[in-house]
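Report on the structure given below.
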Amino acid sequence: MQEALRDWSWPAGELFGLTLLISLLRHPQPADPDCADDRRLSQAVERLVRRFAQLSGRTFSQEDALAEQLFFHLSAALERCHFHMGIDSSLQSEVEEKYPSLLRATRAAMIPLEAEYRIRFSREEMGLIAVIFGAWLMQETDLQEKQVVW
């Protein structure tokens, strides 16, 4: 039986689909000490939050909650990026037009994470990440976008 499985080759499209399906069945957890991938992403997200805070000149009082939200978003975004799955972000042009400083700070903060994972997030993914940061900034201090210094 093992020889039959070993000699069987999957068509490329089916293997791609099966890999995607299996990856979607997994539920990432930021505090899972047994999963090296989750630990790696969790640490990368912590660095991301610190870099964004440095670049924007702002701090987050609930940094852990922000990091957890970014962890879950980025774990899905990494899968989408790996499998070349686009997303529809009807807010993208509005984010680019109304919040250019927030977007620039987000892009700059994301550079090391993209390098670590050897990927390039789409402008739509980057816009959603910027919205997450912006929402946390505004929630905490009623900041306007112009106050995000970069």
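Roughly how many Å is it from the Cα centre of region 51-72 to that of region 84-132, as a whole number?
Cα centres, region 51-72 to region 84-132: 15 Å.
With contacts defined as alpha carbon pairs under 8 Å and 6 or more residues apart, what's the relative contact order of region 35-147 in percent?
That works out to 33 percent.
Let me check I have the definition right: for region 35-147, take the eigenvalues of the Cα gyration tensor, multiply each by 5, take square roots. What are those semi-axes in whole Å, largest first?
Those come to 21, 18, 12 Å.
Here, each number is a calculation from the coordinates, and none is a lab measurement. Since the model is a prediction, treat every value here as computed from it, not as a measurement.
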